[in-house]
Each structure stands twice: as structure tokens, then as C-alpha cells.
Amino acid sequence: MQLKEIITLISAKLHSSDREKDLAKSISGVASLDKATETEITFLTNPSWRSYLDKSKALALITAQPMVEFNGPQLIHANPYWAMAKISSHFFSYTHHHKGHSDLAFIHPEAEVSPEATVFPFAYVSPGCVISAGAVIYPQVYLGHKVRIGCNSVVFPGACLMDGTEVGEQCIIHANSVLGADGFGFAPGTDGIAKIPQVGSVTIENDVEVGALCSIDRATFDTTRIKQGSKLDSHVHVAHNVTVGENNMLCAQSGIAGSSTLGKGVILAGQAGVAPGIVLGDNVVLGARCGMIESTDEPGQYLGMPAITAKTWFRQVAATKKLPDALKRLDNLEKKINQLLAASKPDATDS
Amino acid sequence: MQLKEIITLISAKLHSSDREKDLAKSISGVASLDKATETEITFLTNPSWRSYLDKSKALALITAQPMVEFNGPQLIHANPYWAMAKISSHFFSYTHHHKGHSDLAFIHPEAEVSPEATVFPFAYVSPGCVISAGAVIYPQVYLGHKVRIGCNSVVFPGACLMDGTEVGEQCIIHANSVLGADGFGFAPGTDGIAKIPQVGSVTIENDVEVGALCSIDRATFDTTRIKQGSKLDSHVHVAHNVTVGENNMLCAQSGIAGSSTLGKGVILAGQAGVAPGIVLGDNVVLGARCGMIESTDEPGQYLGMPAITAKTWFRQVAATKKLPDALKRLDNLEKKINQLLAASKPDATDS
Amino acid sequence: MQLKEIITLISAKLHSSDREKDLAKSISGVASLDKATETEITFLTNPSWRSYLDKSKALALITAQPMVEFNGPQLIHANPYWAMAKISSHFFSYTHHHKGHSDLAFIHPEAEVSPEATVFPFAYVSPGCVISAGAVIYPQVYLGHKVRIGCNSVVFPGACLMDGTEVGEQCIIHANSVLGADGFGFAPGTDGIAKIPQVGSVTIENDVEVGALCSIDRATFDTTRIKQGSKLDSHVHVAHNVTVGENNMLCAQSGIAGSSTLGKGVILAGQAGVAPGIVLGDNVVLGARCGMIESTDEPGQYLGMPAITAKTWFRQVAATKKLPDALKRLDNLEKKINQLLAASKPDATDS
């Protein structure tokens, strides 16, 4: 990959003493400042690594600002960490140890599987499925009736995509996740609990990654939707009728209750939860173990249960630390004031 | 389905101007007030929808009280939401895209599978299993030694039912759940951690639904039991030796530690937890993210960690909001009182 | 099993009136004081059971101190509960209802499977795998490229061990767990979220047990490691680059974020969480639902979010209970002091 292609990939500016020559240089990979070889590109994301710059053998550097210590072409980018990830990702590709449609898979004759898709042994493909070119279906995957898998998407082993689930292009569904199981819709009554049939489905847009052991439940009527570019960690639960916005990051063991809607760029840290029917605006960030029970449009970080702004939460935590001592001070004050009242004139003691 | 059958199904009272004629009317389905057609039944669960009553085309209405605005037969039921769910559920049935016992399944010759049961390809049925009529075993399901599946129960793909697990009738086990894995029984010692063998089993009574990716662990000696009619959402953990009572609702990512016992009608909201050896009485409701560490017989809602009554918790949350300000007021009071003490007579300053 | 073998197994001291004869006695199993037969060994772990000692039929007793009430040989051990578990575990072994390498499994010709290992139908073994003697691979297990399974380890149904995962000897991996799925490494940018390739792996040392539905993610570069003797309950999440120390116990639904390191004998109670990059020293115990966001070397129990020492947490919980009342007392004090100030001399009212 030539340096000019990398510049296009990440939309960087080139800082160079010989543009023509540098643009044509060939890059073999990405590595850290101390480990990069003469054909690799490196990056500066942390100022404390600046001392490594003059000793680095790297062919080129990604940096937020030009660095005089580095002797070679520099790619100026506002977010070197993102740029590094983007380039690494370009050099990386999964190795799938199978090709073609295995005779040991079950592929229903009424399924439509691209000849350029891969289906491993023991995968189950139901009637009405459509699997596009470049898609890879691992062993023990279950694809229900009319499931659609877009181009180049990978479904890892044991994942179950129930009837009608639609997965976009360049998606990754990790092992043993379940998409499209029934939403939790029940009406309790004196004569037992009645099930509300869940006849909707699940839609996963392009470039979404779903971690291992996640559940995304089918909607009651319409569709539960994960919008483009969102990434889910492991054990994440998305309940029925939820919409997860674009480019969300939902960390491990977080959960979103029914009918909630998340804006763009929302982040849920580990073990966070969102109550039913909540609307979160763009760039809302729920901290670890946070429980959000109110809708909010205000971006920024929230913490606690019930969730409040991080700033307020840290103040409350600090205050609570002082509480046991404050109660003693309060006892003491009451004693003092009662002494004062006892000692003062009768007309002042009336409380 | 005739209106009189529906009345029997939900035990409703008919409010009608022409009983004979109305009872014989045929209903094709359930729909909301604005969407119901001339052959469908509708429902009023929310007073704000009352304005739709006179425009609705529905053949009949389910309502808690007779509504003059609706022109047609009315089914009077104390819980129209439950009644609606019950009828919807009656009209709905899963479509299973396979019939009979697949040659691509592994069915041990010593297993007893009803000819009226369905076994999909790649399901594994161990010796000693008994699968009753109407049961459906999806692909990649594992049924261990002597597992029993009752009539009309459905086991969705990838679910693992380990040795000796018993599932009742009309149960639904969603994808990738695990019933009967070893309970977490260990004795730590200076010479490592010793495993306590888990030789009990798991019993699921009739009409139970287990969500995707749940774990219900086998008992140490006896049985871990989910009683009739209970419903589990996704990612729910039920530890060894637990008894979940009748008609419980356990929401997503909630967990019950070992040897706890839940009464009837208990609800665990999302991400709630119950400590080991706890006994919860009938109709106890644990709110979201609540951690119950004491037994209680008192019905009603609990919140917080450690869990307290919802009323007390809301008071504490409100008070904690005021705490940082209260600490400042306390500082200020101390200053004032010290001034007063300094200004007062010597015999009053003794604290 | 002779009594002398049991004594060696648990390193106990024998308290006996006839050593030679007692050491040769044969034990058939372990049971509680009231249920043990004439050939079984029993144990006293709880002083309240002492009254059963003289009526017990057991052949021998495990106890922390000699008990005059028991008539027979006594094995003195500081931790009778651990000793009981150790012996029970010795008498117990799983029954696997299959032998040999099934023709219905997929075993790649470039995999190396010991003739003394068991592979069930529908298991998938990729090229480069090494499965050692005594290992058991259940149905619907997926073993990726170059996965290694040590002697006598059991992989229960539906577990997915992705490329390069290494499992030691005498390990148990319960159903539907996922080892080696990609770690959650992403760099958010204005132009979408870039994936950081996860090219490391997962290493499970000897005598580790992983519960049902756990995820242990592969490292970004190096390895995510679970050290010898650790036990994981169900739904546990171990993120990329984590090291779990020796003999840890991680209870259900607990989670460890990326790059954290746990010492020896660490315990995480149910639903506890550890933030990214945390270092926990030996014997740190995180209580239920605790969220640890700071590193600590101090052993002992922690609780709360953010986690603090259990002692401090219990004090804060008790103080918070009094808070709503304390605020009223504060209001009242302010009134009184304002009255006093109003009544006092002008030079004392200056606040």
C-alpha cells in the first residue's frame, strides 16, 4: 500500500520534504514507535512517547502536529489513534479455513446463497434465506426463515439469527449471539401471564459489529434496529422495539430495555442499563454501572442509579464520604445549641 | 373463532344489544382501535384512546367498563391488556419450517421420540431422552442423557439441556440457553479450590418461557425448579438449588444466587440481583438494578443496593441530592454557633 | 478407597484408637452426618450439627478438632468443608455417553486428535488443532484454527473456542461459552468508528473451570490469561488483555474490563465489575454488584460503586438511612440559631 493511498484512506495532510518521492513509498504495516521497521508506519498518540521519535526506524509517522524529532514523512491527522486503527484494520483480514458451500451444511433448496459466499459444515440455512457474495457463515450457525446476510458479513459459530433477521454489509456477528428471539412481552393477570406474540423482526445496518453472546430481540410489530456503524461488546442485551443510533458503542453486559431510542454516537460503558421507553440524544455517554431512567438530550457523561450528570455524581459521592462524620457534627451542634438555648433568655428558647 | 369462544377463553361478560347474534359472530384477529377491520376485535387499555372509539371499525371491543361511544358488542374484563394478550396469543402460532425426525439429526436408538414431535437437522438427542408429541427440537440443540421434553414445548436452536433436565408442557426455551450446567459449588482452601460435585438436576414446569442466553444451573443434590407459568427474559441467571415460584417475571440480565426461593408473582426488573439463600414472598417486585440481600415477606416494590422499599429509596435519593449543599449549611452553622459561643458567657462554652 | 489414601489426598492427621486397622478401612463415599452409611465418611463443618455425632453411622469423621461424641476414626483438618469437597470430587466423575471419534464430527485431516480423546457428533475441529488424551469434545463445539485442548479437559456442547485458544489440563468449559472472540477495541472518530484488529489469543491454564455462557476475549496483541485453578461462574465476561490470577472465583454476571490484572485468590461476587486497567492484589474480594474503579493491594472485602472497603460502605449505608431525618434536623437547627442570633447582641450576628 502506497503512502498516498493511506493519506486518502484517513484524509490526512502530508508534511514532507519531498512529496513526489514520499507519496510513492510502499507501507507494509503499522507498528508502535519502538517496534516499527523501515517499511512500517508508526503513530504518536501519547506525548510521553515523544522521546522515541528520533530513534524510530519507521518509514512514516502519523501525528496531530509536525514533530521536528522525526526524520521522514509525517501524516498530520487530528485523531492519530483513529487513523492508526483505520490503517491497521486495512492491513488485517480474517483467515477463514474453509471455502465454498460445504456438503455437510444444511442449505435449503429455496435459499439463495451466492457462489462467492462461504458456508461451513453444520451451518443451517432455512428456506427463503439470501446470503450475499463474500459473506461467511461459520459452523453451527442457524439462519431462520428469510434471513438476509449482506455482502462480506461474517457470522461466527453458534450465532442464531431467527426468522426474518436482516444483516447489512461488512457486519460481524460474533459467536453464540442471538438475533431475533422473541421480545419479552407479557401481560400478567390473575389467571396467569399471557404472552403477547412478537411478530416484528430485527434489522442490522451496515458496518455493525455484534460481540459474543449478545441478544437483540425481535420487535412486537415493527423492527428492532441497530443503525450503521454501531459496535456491541459481549453480553449486550437490546430489547424489542429499540433503535440504537449510528456509531454507538455498547460495552459489555450493558442492556437497553424495550422501546428506547438512542441517538448518534451514544456510549454505554460496562454493565450500564437504560430503562424502557427512554430517548437519549446524540453523544450521551452512560458511565459504568449507570442506570438511566429519564430521557435526555444533553450530551456528556452520566453516572449513578438513577443516572445524573457525572459532575453531580462525583460531588454526591464525595459528600456521602463525609456523611457519617457530618452526622456526628450534627449531633454535636444540637447539643451545643441546646446548651445555648438553656443558657439564654426564656423568650429565645421557643422552638 | 366465535365471539362466544373468546368470552370463554378470557372469562369476560358480554355487553350487547343482541346477545344471540353477537355470540355467533366470527373474529379473525386482534388489532388496535385505529387499525382493526370489520372482522377484528379491539381493546381499550388507555383512557387517552377513548376518542378513537366512535370511529373504530372493529367488530367488538374489550373494555373494563361499557363505553357508550362504541357501537357493537363489548366484552367487559377487569384487565383488558391481559385479555388482549390472551386472545392475540390464541391467534398466533409459530411456523416451524421442518416436519418429522430429520435423518441429519443424531437421535440415539435408546431415546424415545414421539412420531408427532419434530427434530431438525443437527440436533443431538442422547440415550434415555423422552420427547413428547408436538414438541419441536431445533437445529444444534443438545439434549443430554435422560432429558425429558413435554408436549408442545419448543426448544430453539443452540439451547443445551444437560443430563436429567426435565421440561414440562407448552414451554418455550429460546436460542442458546443452557439448562443444567453445573452449579457454582466450590470450597476454597490453602491448597487450591475443591469442586463440590453437582449431582442434582433442573426441572421446568408447564407454561414456562426461558429467554435467549439464560443459564439455569443444576442443583447440588436435589433440583433447581422453575414453577408453572414463569417467564424469563434474556441473559437471566438462576443458580443451583433455587426455586422460582409460579408466574414470576424475571427481566433481562437479572440473577438469582444459590439456594434462594421466590414466591408467586415475583418480578425482577432488568439487571436486578438476589443474594444467596434469600426467601422472597409472593408479589415482591425488585426494581431495576436492585440488589436484594435480605429475605422479605412484604409485597411491593424494592430498589437500591442494599434493596429497601421503593418509597424509602426515593426519599434517600432526594435527600442525597441535597447533601452537598447540606454540608455547606452545616459548615456555616458551625461557624455561627462558634461565634455565639465565643460571645456568650464562659459557663455556656463548655462543649 | 482406603482411609489412608484419603488422608494423603487431603493431608489430614488421623485421630484413632487403632491406627493400623483404621488406615486400611475402605470408604465408599461421602455423606452428611445424618445420612452416612457404615462405609461412608462424614464431616462436621457447622457446630450446630454436633448433636448428630453420637448417632451417626459413618465409618469416619472429618473435623477441625477431635470430637469425643464420635465413636470411630477422625481425620483432623483445618478446613473440613474443603476436605469434604476434595473427597467428594474424587468419588465423582462425569459420565460421557459417547466414546471415540464420531464419524458425524468434522475433524480436519490436519488436526491431531489423541486416540484416547472423545469427539461427539457435530463437533467441528479445525486444521492445526491438538486434542490430548482423555479430553472430551461435546456436540456442536467449535474449535478454531490451532486450538489446543490439554489432557482430560472437557468442552461441553456449543462452546466456541476461536483460533489459537489454548486450554490446559483438567479444565472444564461449560456449554455455549465463547473463548477468543475479538476484544472490544475501537477508535471512535468523526468519520465513524475504526476497528483495532485483535491478533492476540486466549490462554487457559490447568484446573480452570469456565461456567456456561462466559466470554473470554482474545488479546489485542499478546494473550488474555486465566491462571491455574481459577473458577468462573455463568455469564462472566473477561475482556481483552486481562490476566486473572491463580485460584480466583468469579461469580455469575461479573465482568472485568480490558487490561486489568487480578492477583491470587481474588473473588468477584455476583454482578460485580472491574474497570479497565485496574490492578487488584492477592485476596481482594469484591462484594455483590460492586464496581471497582481504582487499583488496590489491600486484601479484604469491598462494596459499592465506586467500591470502598466493606466497613466504610456499611457505615455510609447506615448514615444514608438517617439522611432524610438529618436534613430536617438541620432545618430545625438553622431556625433555632437564627432565633438565637436575632436575640443576641449585634456584634455576634455577623456571619
Discussion item. Here is a check on your reading of the model: is residue B:158 modelled with pLDDT of 95 or more, closer than 18 Å to residue B:207 by Cα and either touching a strand residue (DSSP E or B) at 6+ places or on another chain (Cβ under 9 Å) or assigned to a strand (DSSP E or B) (or both)?
Written reply: no
Worksheet entry | Criterion: buried (at least 24 other Cβ atoms within 10 Å of the Cβ), over 19 Å from residue C:144 (Cβ atoms) and of a type outside the set (A, V, I, L, M) - qualifying residue of A:124, A:138 | A:124
Discussion item. Quick check on residue B:335: is it part of a helix (DSSP H, G or I), of a type outside the set (Ser, Thr, Tyr), surrounded by fewer than 20 Cβ atoms within 10 Å (Cβ to Cβ) and at pLDDT 95 or above?
Written reply: no
Worksheet item: Residues in segment C:140-153: is at least one more than 8 Å from every other protein chain (Cβ to nearest Cβ), more than 18 Å from residue C:206 (Cβ to Cβ) and of a type in the set (A, V, I, L, M, F, W, C)?
Response: yes
Worksheet item: Picking from A:200, A:192, A:183, which residue would you name as being closer than 30 Å to residue C:217 by Cβ and not polar (S, T, N, Q)?
Response: A:183
Worksheet, complete the sentence: Counted residues in segment C:34-49 being in contact with a Leu (Cβ under 7 Å, 6 or more places away or on another chain) and not aromatic (Phe, Trp, Tyr) come to 6
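Just for segment B:223-275: of the residues that are of a type in the set (Ser, Thr, Tyr) and touching a Leu at 6+ places or on another chain (Cβ under 6 Å), which one is nearest to residue A:214 (Cα to Cα)?
Among those residues, the one meeting the criterion is B:234.
Conditions tested, residue by residue: (1) part of a loop (DSSP other than H, G, I, E, B); (2) within 9 Å of chain C (Cβ to nearest Cβ).
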{"position": "B:288", "(1), (2)": "yes, no"}
{"position": "B:298", "(1), (2)": "yes, no"}
{"position": "B:306", "(1), (2)": "yes, yes"}
{"position": "B:342", "(1), (2)": "no, yes"}
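Can you tell me which residue within segment C:162-178, out of those that are assigned to a strand (DSSP E or B) and surrounded by 24 or more Cβ atoms within 10 Å (Cβ to Cβ), is farthest from the other protein chains (Cβ to nearest Cβ)?
Of the residues in segment C:162-178, the ones assigned to a strand (DSSP E or B) are C:166-167, C:172-173, C:178.
Still in the list and also surrounded by 24 or more Cβ atoms within 10 Å (Cβ to Cβ): C:167, C:173, C:178.
On the way: C:167: 16, C:173: 10, C:178: 4 Å.
Among them, the one singled out is C:167.
Of all residues in segment C:183-207, which are assigned to a strand (DSSP E or B) and of a type in the set (A, V, I, L, M)?
C:187, C:193, C:194, C:202, C:204
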Discussion item. Out of everything in segment A:230-258 that is farther than 17 Å from residue B:289 by Cβ and out of contact with any Ser or Thr (no Cβ under 9 Å at 6 or more places or on another chain), what residue ends up being nearest to the other protein chains (Cβ to nearest Cβ)?
Written reply: A:231
Item to complete: Please find, among C:212, C:181, C:159, the residue that is more than 7 Å from every other protein chain (Cβ to nearest Cβ), within 24 Å of residue C:252 (Cα to Cα) and surrounded by 24 or more Cβ atoms within 10 Å (Cβ to Cβ).
Response: C:159
Worksheet item: Does at least one position in segment B:223-240 carry a residue that is crowded, with 21+ Cβ neighbours inside 10 Å, farther than 30 Å from residue A:254 by Cβ, more than 19 Å from the chain's Cα centre (by Cα) and modelled with pLDDT of 95 or more?
Response: no
Worksheet entry | Test for residue B:88: is it facing chain A (nearest Cβ under 8 Å) and farther than 18 Å from residue B:126 by Cα | yes
Worksheet item: Which of the residues that make up segment B:227-264 are part of a strand (DSSP E or B) and closer than 15 Å to residue B:174 by Cα?
Response: B:231, B:232, B:237, B:250
Worksheet item: Which of the strands (runs of 3 or more DSSP E) contained wholly in segment C:1-84 include at least 1 residues that are crowded, with 19+ Cβ neighbours inside 10 Å and aromatic (Phe, Trp, Tyr)?
Response: C:40-43
Worksheet entry | Residue check, residue A:95 within 27 Å of the chain's Cα centre (by Cα), part of a loop (DSSP other than H, G, I, E, B) and closer than 24 Å to residue C:182 by Cα | yes
Worksheet item: Only one of C:326, C:318 is surrounded by fewer than 15 Cβ atoms within 10 Å (Cβ to Cβ) and either assigned to a helix (DSSP H, G or I) or among the β-branched types (Val, Ile, Thr) (or both); which?
Response: C:318
Worksheet entry | Residues of segment A:98-137 satisfying the condition of being in contact with a strand residue (DSSP E or B) (Cβ under 8 Å, 6 or more places away or on another chain), facing another protein chain (nearest Cβ under 7 Å), outside any strand (DSSP E or B) and free of Cβ contacts under 8 Å to residues at least 24 places away in the same chain | A:104, A:121, A:122
Worksheet item: Can you tell me which residues in segment B:141-156 are buried (at least 24 other Cβ atoms within 10 Å of the Cβ) and either among the aliphatic types (A, V, I, L, M) or in contact with a Phe, Trp or Tyr (Cβ under 7 Å, 6 or more places away or on another chain) (or both)?
Response: B:141, B:142, B:143, B:147, B:149, B:155, B:156
Response to the item:
Of the residues in segment A:198-243, those that are closer than 29 Å to residue C:236 by Cβ and among the β-branched types (Val, Ile, Thr) come to A:202, A:204, A:208, A:210, A:216, A:224, A:226, A:236, A:238, A:242
Worksheet, complete the sentence: Checked A:39, A:45 against criteria (at pLDDT below 95, within 20 Å of residue A:14 (Cβ to Cβ) and not basic (Lys, Arg)); the one match is A:45
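The values are calculated or read from the model by the stated rules, or taken from the named source; none is laboratory data. Just so it is clear, the structure is predicted and the values come from calculations on it, not from any experiment. All Cβ positions, even for glycine, are placed from backbone atoms using ideal geometry, and neighbour counts span all protein chains on display.
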